[in-house]
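Nothing in this text is a laboratory measurement; each read-out follows from the coordinates by a stated rule. Nothing here was measured: the structure is a model prediction, and the numbers come from that model. Please note: Cβ atoms are built from the backbone with ideal geometry, for glycine as well, and neighbour counts cover all protein chains shown.
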Amino acid sequence: MSLPNLVLLPGMMCDARVYDSQIEALKGIAKCQVGYIGGADNMTDIATQVLTQAPQNFALAGLSMGGIVAMEIVRLAPQRVTRLALMDTNPRAEAEADDIKAERQPQIDAVQAGQLEQLLREVMVPRYFTSHRVHSQLDELCVDMALSLGKDVFIRQSQALRNRRDQQATLASFDKLSLVLMGEEDDLCPLDRHQCMVALLSQATFVKIPRAGHIPTLEQPAATNAALKQWMAL
């Protein structure tokens, strides 16, 4: 019997390495493919690009921005998604009052001026992980992933995030098995965003990963792998 397909979508300025541990752990359980989410400046086109490269039917898991793209995929082609995992993400649009939305254009301007690495090291990466551990190796991995993608991807992804639609109605209409997972200490996508998704999804399991921030796939891979294995086995 052939293995089920699983499409994994990384976070902003992350590449397939953000899922290395999960891909290894899911060998024999799923046929994994990491989607590319850096090719357009709006969520609909990004989701369409992923769908073009994806199998006809697939389980879908997204982390952070990857979760936002996953919700757009569900909106566009719900019949192709067999189950859904949303990790450290947000179903809501960015409101004009949001601090994050206000930061988008200054960050784009800084990156256009050649300050991508400085922005990563001083502003972005320090918010990814828990504060009570030294994460130098993970920090360097995140910087390397981002620099390998480059400034044009940063600008396109920032624009797509800034202008994204609210996906709460999309989740309310999705009736297949779902996992909502978060690092317990995620300040970028806090608890209320995940509680919102759990309430909207009709078949959702909620998992909080202790001692993890915004990227539990890297910070607590074993616990994240266990949750994904259980979700795929349901």
Practice prompt. Would you mind computing, in nm to one decimal, how far apart the modelled labels at ILE100 and SER2 are, each placed 7 Å from Cα along Cα→Cβ?
Written response: 3.6
Worksheet, complete the sentence: Counting all Cα-Cα pairs in the range 136-234, those more than 20 Å apart amount in percent to 53
Worksheet item: If you wrap a convex hull around the C-alpha atoms of the range 30-107 and split its volume per residue, what is the figure in Å³?
Response: 101
Discussion item. I need the peptides 3-10, 221-228 ranked by packing, meaning the mean over residues of other C-beta atoms within 10 angstrom, with the highest value on top.
Written reply: 3-10, 221-228
Discussion item. Could you give the length gained by full extension between ASP20 and VAL198, i.e. 0.36 nm per residue of separation minus their alpha carbon distance, to one decimal place?
Written reply: 61.4 nm
Worksheet item: Can you list the lysines whose alpha carbon is less than 28 Å from that of LYS208, not counting same-chain residues fewer than 8 positions off?
Response: LYS27, LYS31, LYS101, LYS176, LYS229
Discussion item. Just to be sure I understand: if I project the alpha-carbon convex hull of the range 2-60 onto a plane and average over all orientations, what area do I get in nm²?
Written reply: 4.1
Worksheet item: Any idea how far apart GLN168 and ALA40 come out in nm if each label point goes 7 Å out from Cα toward Cβ?
Response: 2.6
Worksheet item: Roughly what angle does helix 43-53 make with the longest principal axis of the chain, taking Cα atoms, 0 to 90 degrees, to the nearest 10?
Response: 50
Worksheet item: Rounded to two decimals, what is Rg over Rh for the range 141-189 when you use alpha-carbon atoms and the Kirkwood radius?
Response: 1.08
Worksheet entry | Pair GLN115, GLN79: separation of 7 Å Cα→Cβ label points (nm) | 4.9
Response to the item:
Relative contact order as a percentage, the chain, C-alpha pairs under 8 Å and 6+ apart, gives 24
